[in-house]
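Q: Got a structure for you, written out below as structure tokens; questions coming shortly.
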Amino acid sequence: MARHDEGVVTVGRSRVGTFFANSTGIVFGLVMLFPVYWVLNTAFKPDKEVRSFTPTFWPHEFTLDNFRSALGEELFIPSMINGLIITALAVAAALVVGFLAALAIARFSFYGRRAIILVVLAVQLVPFLALLIPLFLMLQGAGLTNTLVGVALVYLVLLLPYTVWTLRGFISGIPRELDEAAMIDGCTRAQVFWRIILPLTGPGLVATSVYGFIQAWNEFIIINTLNDPKNQNLMAWLLYNQTERGTAWGPLMAGAIITSIPVVIFFLIIQRNIATGLTAGAVKG
Amino acid sequence: MRHGKYPFIIGFLAVPVALYATFVVAAYVQTFQLSLTSWSGFGVIKYVGFDNFVKLWEDELFWKSLRHNAYLLFLLPILTIALALVFAFLLNVGGGTKGGVTRGVWGSKFYRVIFFFPQLMALAIVAVIFGRVFSSDKSGMLNGLFPDSWSPWLFLADERWALTCILAVLVWQAVGFYVVLFSAGMGSIGEEIYEAAALDGATRVTLFFRITLPLLWNTIQTGWVYLGIAAFDAFALVNIMTVDRGGPDGATSVLAMMIYRNTFEYSQVGYASALGVVLFFLTLTFAALTLRVTRRDAV
Amino acid sequence: MSEITKSELDRRSLLRRAAAVGLAATPAVGMLSACVGGGAEETANQATGTKSADNPLGIDPKKPVEIVIFDGGLGTKYATDVDTPMYKKKWPESEVKFTATQEVSTIVQPRLNAGDAPDMINNSGAKMMDFGAIVAAGQAQDLSELFAAPSFDIPGKTVAQTLVPGAVEQGSYDGKPFAVNYSYTVFGLWYNATLFEKNGWTVPATWADFTALCDKIKAAGVVPFGYAGSNAAYYMVRALLTSAGKIGTEQVLKDIDNLKPGAWTAPAVLEAAKAWGEIGTKYLEKSFLGLKHTEVQLRQNQDKIAFYPCGSWLENEQAKDTPPGFKYAVAPYPSVTASDKLPATAINAAAGEIYFASSKGKNPRGGMEYLRVMLSKQAALEFTKLTKSLTVVAGASDGIEISPGLNSANDAITKAGKDVFMGYLFDTWYKKLHDESLSAVNDLMFNGGDAQKFCDRMETAAQALAKDSSVKKQTRS
């Protein structure tokens, strides 16, 4: 909303308004940040301070014991590795499968296209909890319960709708004329997909991989149902610690920090692209 | 261009269709089938017709849970989207102008990052922390902030407010994401559109309702769908945060919680499947309605 | 963190009783291991020796014996450092093969099914096997001979005679004993003996004493009674039903377990609900409904709460938070009426933690002999010292200072004499009814104390369950 030379546009011009906007922003930001701060605060506190009756808003005594304690837990490192493997498998598979499916839907018209789109849309609405039992039985039949691949498969199905949906938006946004021009220049259709559409879908791939990473990394209900303690991811491990050991706040929060590290790193790397990616997918969705 | 397109279509869609057929369609068929049995999860499967649905109809907790889901389905999207729009507006144009360019509030780039944090935090952790925030005695963070003379607010231990606490956390978790989403959408609205409108004498409010909102409409609708999904679920928060997991006295019970309990704790897989079937039709109805609304979107 | 796990696991021994009666509603993972195969055919080459006064079970003194111990909250030290040396001392030529595991079913079940079973197994932990199914498959050794054999170190008594009342019954199926439930949990009102001494408060025997004391405690600025509504309402259900049992004998609880019509509206239950509802209205803080057990227990450690209903794992669970000078002690629930059928000293206690000999092992008699060693007074005392958990061996820790809480629990059992009762099992049999009881008891205690409403509500739920053909019913007598 540009301030026009003639001063006609008044949006955001008044000082009071600006002050109000800034303070609202700060308050809102604090509310958003609070739990992150609280996780940090608790993680660096010694146990007795964590357990004290009244909450303290700063560690009086700074300690790394909680991190040692969490890392020292028997299944912590294995759970973390499991989580990374499952997430990587599911996200990578979702990107490949999703990209191809999105291509088919966005670039071709064919019988049953609309049905497929409808199913894709409906599936992402279904709470997966309702399918846990059959999924369990099915994977058990295939000998895939208690394996990382089995969980990765389920996560793939979970991530696909969003992936297909978002990428479809991106691909539709790329003018068909580009394809045609390239084909006139002698590209095969496959080359068009590979050389033109794939690079132009870049931000979309980034956006969906973030979404997928967060979803898969933070999931705990499905994996908890399908796998034994030895084949859990970190989130399920954390949840176990929350319910079974109600009092171990410090190590729990330390665990939470370690757990979030991959997500945060991943997020910070692609942070610039994320908003673009999300909107492009959504607006053209 | 038509030439040889089917190999591509088949090649590209074979894997996802196969995945859907097994993991979703077949799984749902099985859920439908199990909903007609009294299976406990072990041993023989016995068909009992529609007994489970009759039982469901008579189950007070089911109706309660349904109401709670409806409450969330109604309020979660509205509150989240409204709040997100306001803040996105602030972030983008709240900071006044400088050199002819509108700015967001001070530090708006930073906000965009921190607004994403709730998304990055695992729901399990969020639930644990908010459990502390809403703790029902003086050790709770909110109660700790209140003056000493107040008797503590019960929050999650109060049947009337427990579900609202859950709603608050859901909104908290979602809102940052939509602020970022809407901000990006607003950023992509051309400056000249606003200028033209402003020249016509439009006020801030008019700008928001006449220009920003309609141009963001598609984004908002997408958001609505995703928030709807969250409202149908809500399992993780209810499971970790609430009194007696779904209490006090069923005050925060939701369908997903019922399904989980009946499957894994009560060994009533048949009944749980019937609940799954109900959930299926509910989500489908929701999907159909959403699709109807978004039809102008070239599907 | 592992400290906490230990006590949490002890807490869950409550739930393990489900399997003690062989009817575990094993969740999720249980589906994986639902079948316990084969049972009819005899295993050849089982070791036997000649029975004698020195060898009452007739073991072959040269044959090795293989044992599997669950490595969880109780650890394995009691087996490796106490039981095995004692066994070896008695039978130097018999080798003891020892395996510790956290996943009993993963290790043992395939071997049971393959006919290559270890001789003595500690079936416990999250991955315990469905013991009812094992018994049904004929894979557990009949322990009648063990219980009839003379005690390892108490002269003139059989093993059965050295145990607390009900210990053999809890491991019996259709009247035959198949399991030793070794650890023993005492339930009651826990308090800080030091705080009570300092204030001159004495443990009440009657309800009038109880409420009078509560008034005094309240006047002193301490919350008289507390429990955590958020996740530990079952402690309160146990308190209420223990009172009901004391009013009208354990039969009241058996009726409840057997889903007998009118069991929940019986006068004893109503009476107990009224009495406790009054405690809730007058002496409980509303905010406790939102708290977790650890939070309430912590407040008791800080002397902010006087009485807390719980089991004898409490002391160990709170070890980290208990300040010096805080001395845990347990009191039986006071008599509600003057006409209570059981005396004020009557107490609710239950055995848990299954040990069984496999009938498909190569040396099941050796396994039984190992159990006989475990049930000796000496081994039991060492077990209690190492694990901070009592055993079913009666009076094994009498007169020996272990810890204030355990000694107090031990005294309570001694004082109760024959009036120790096992309590109820519906909580593990019918999880749904159990959950209803949690909501109902929270409603009773925090929401005005309407006893009739509590009874009617539970009766309705119990009868609905009784009519539900999709739920497998259990009975006890």
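Q: If you take the beta carbon distance between residue C:206 and residue A:37 as r and set R0 to 51 Å, what does 1/(1 + (r/R0)^6) give as a FRET efficiency, to the nearest 0.05?
A: 0.45
Q: Quick check: convex hull over the Cα atoms of chain C, volume per residue in Å³, rounded to an integer? Let's see the in-between values first.
A: Numbers: hull volume 65.0 nm³, N = 477.
Enclosed volume per residue, from the Cα hull, is 136 Å³.
Q: Using only the Cα atoms of chain B, each taken as one equal point scatterer with no solvent, compute I(q) by the Debye sum, divide by I(0), and report log10 of the ratio at q = 0.08, 0.10, 0.13 Å⁻¹.
A: Each listed q maps to, in turn, -0.51, -0.75, -1.08.
Q: When N is the residue count of segment B:170-260, what does its C-alpha Rg come to as a fraction of 2.2 N^0.38 Å? Intermediate values should be presented prior to the final figure.
A: On the way: Rg = 19.4 Å, N = 91, 2.2 N^0.38 = 12.2 Å.
Normalised by 2.2 N^0.38 Å, the Cα Rg of segment B:170-260 equals 1.59.
Q: Still on this structure, please answer the following. If you take each beta carbon of peptide A:161-172 and count the beta carbons of other chains within 10 angstrom, what is the mean? Intermediate results must be reported in sequence, preceding the final value.
A: Working: counts 3, 1, 1, 1, 2, 1, 0, 1, 3, 0, 0, 1.
So the per-residue partner count for this stretch is 1.
Q: If the convex hull of the alpha-carbon atoms of the protein assembly as shown is projected onto planes in all directions, what is the mean projected area in square nanometres? Each step should come with its number before you reach the end.
A: Values: hull surface 187.1 nm².
Spelled out: convex hull of the Cα atoms, projected over all directions, averaged, 46.8 nm².
Q: Starting at the first residue of segment C:376-392, write each ³J(HN,Hα) from the Karplus equation 6.51 cos²θ - 1.76 cosθ + 1.60 with θ = phi - 60°, in whole Hz, x for Gly and Pro.
A: These are the phi-based 3J(HN,Hα) values: 6, 4, 5, 4, 5, 4, 5, 4, 4, 5, 6, 9, 6, 9, 6, 10, 6 Hz.
Q: Here's a follow-up. On a 0 to 90 degree scale, rounded to 10, what angle separates helix B:213-233 from the longest Cα axis of chain B?
A: Long axis of B:213-233 versus the principal axis of chain B: about 30 degrees.
Q: Suppose each label sits 7 Å from its Cα in the direction of the beta carbon; what would the residue B:199-residue A:115 distance come out to in nanometres?
A: My value for the distance between the label points is 5.3 nm.
Q: Over chain B, what is the relative contact order in percent, taking alpha-carbon pairs closer than 8 angstrom and at least six residues apart?
A: 28
Q: Could you give the radius of gyration (one decimal) and Dmax (whole number) of the Cα atoms in segment C:39-180, in Å?
A: Over segment C:39-180's Cα set, Rg and Dmax evaluate to 15.5, 41 Å.
Q: Given segment C:257-364, what whole percent of its Cα pairs are spread farther than 16 Å? Could the numbers behind the result be given before it?
A: Numbers: 4253 of 5778 pairs.
That fraction is 74 percent.
Q: What number, rounded to the nearest 500 deg cm²/dmol, is the helix-based mean residue ellipticity at 222 nm of chain B, given -39500 (n - 2.57) per DSSP H run of at least four residues and division by all its residues? List each step's numbers first, then the result.
A: Numbers: 14 runs with 191 residues, N = 299.
That calculation yields -20500 deg cm²/dmol at 222 nm.
Q: Would you mind working out the magnitude of the charge dipole of the protein assembly as shown relative to its Cα centre, with +1 at each Lys and Arg C-beta and -1 at each Asp and Glu C-beta, to the nearest 20 Debye? Show your work: numbers first, answer last.
A: On the way: 88 positive and 84 negative charges, 414 e Å.
Dipole size: approximately 1980 debye.
Q: Can you sort B:224, C:190, C:91, A:194 so the residue with the fewest Cβ neighbours within 10 Å comes first?
A: Details: B:224 18, C:190 28, C:91 21, A:194 12.
The fewest-first ordering by Cβ neighbours comes to A:194, B:224, C:91, C:190.
Q: Could you tell me the calculated FRET efficiency between residue A:24 and residue C:401, based on Cβ-Cβ distance and R0 = 45 angstrom, to the nearest 0.05?
A: Numbers: r = 64 Å, r/R0 = 1.42.
Efficiency computed from Cβ-Cβ geometry: 0.10.
Q: Over all distinct Cα pairs, what is the inverse of the mean 1/r for segment A:135-262, reported as the Kirkwood hydrodynamic radius in Å? Numbers along the way, then the final one.
A: On the way: mean 1/r = 0.0567 Å⁻¹.
One decimal place: 17.6 Å for the Kirkwood radius.
Q: Going by how many other Cβ atoms sit within 10 Å of their own, how do C:87, C:227 line up, fewest first?
A: On the way: C:87 23, C:227 28.
Sorted ascending by nearby Cβ count, the order is C:87, C:227.
Q: Restricting the count to DSSP beta bridges whose residues both fall in the protein assembly as shown, what percent are antiparallel, rounded to a multiple of 5? Write down the numbers at each step before the final one.
A: Details: 29 of 43 bridges.
Antiparallel bridges make up about 65 percent of those DSSP assigns within the protein assembly as shown.
Q: Something else now. Count, for each residue of B:226-232, the Cβ atoms from other chains sitting within 10 Å of its Cβ, then give me the mean as a whole number. Could the numbers behind the result be given before it?
A: Values: counts 4, 0, 1, 4, 1, 0, 5.
Mean inter-chain Cβ contacts per residue within 10 Å come to 2.
Q: Determine the distance separating the Cα centre of segment C:352-373 from the Cα centre of segment C:51-81; give it in Å without decimals.
A: 7
Q: To the nearest µm²/s, what D does Stokes-Einstein give for segment A:68-283 at 20 °C and 1.002 mPa s, using the Kirkwood radius over alpha carbon pairs as Rh? Intermediate values should be presented prior to the final figure.
A: Working: Rh = 18.9 Å.
This corresponds to a translational diffusion coefficient of 113 µm²/s.
Q: Mind pulling the angle between the C-alpha long axis of helix C:364-374 and the longest principal axis of chain C? Nearest 10 degrees, somewhere in 0 to 90.
A: The two axes meet at around 40 degrees.
Q: Let me ask something additional. Considering Cα pairs under 8 angstrom that are at least six residues apart, work out the relative contact order of chain C and quote it in whole percent.
A: Details: 929 pairs, mean separation 117.6, N = 477.
In percent, rounded to a whole number, it is 25.
Q: Take residue B:17 and residue B:229, extend 7 Å from each Cα along the Cα→Cβ direction, and tell me the distance between the two endpoints in nm.
A: 2.3
Q: Turning to a different aspect of this structure: If a/c stays under 1.5 just call it rounded; otherwise compare a/b with b/c (prolate if a/b is bigger, oblate if not). Do that for segment C:187-349, with a ≥ b ≥ c from the square roots of the Cα gyration tensor eigenvalues.
A: Values: a/c = 1.79, a/b = 1.54, b/c = 1.16.
Prolate, because a/c is 1.5 or more and a/b exceeds b/c.
Q: Pairs to check: C:282/C:320; C:260/C:467; C:157/C:360; C:304/C:327. Give those whose C-alpha atoms are more than 20 Å from each other in this structure. It would help to have the intermediate numbers written out before the result.
A: Values: C:282/C:320 31 Å; C:260/C:467 11 Å; C:157/C:360 29 Å; C:304/C:327 15 Å.
From the list (C:282/C:320; C:260/C:467; C:157/C:360; C:304/C:327), the Cα-Cα distance tops 20 Å for C:282/C:320; C:157/C:360.
Q: How would you rank B:265, A:74, C:317, going from fewest to most other Cβ atoms within 10 Å of each one's own Cβ?
A: A:74, B:265, C:317
Q: Rounded to the nearest 500, what is chain C's calculated 222 nm mean residue ellipticity when only DSSP H runs of at least 4 contribute -39500 (n - 2.57) each, over all residues?
A: Numbers: 20 runs with 195 residues, N = 477.
-12000 deg cm²/dmol, from helical runs alone.
Q: In addition: Given a Förster radius of 30 Å and the C-beta distance between residue C:157 and residue C:251 as r, what FRET efficiency does 1/(1 + (r/R0)^6) yield to the nearest 0.05?
A: Efficiency at R0 = 30 Å is approximately 0.55.
Q: Measure nothing but the geometry: give the 0 to 90° angle between the long axis through the Cα atoms of C:431-446 and the longest principal axis through the Cα atoms of chain C, rounded to 10°.
A: Orientation of helix C:431-446: about 30 degrees from the principal axis.
Just so you know, all these numbers are worked out from the coordinates, no wet-lab data involved. This structure is a prediction, so every number in the text was calculated from the model and none was measured. Cβ coordinates were reconstructed from backbone atoms using ideal geometry, including for glycine residues, and neighbour counts include every protein chain displayed.
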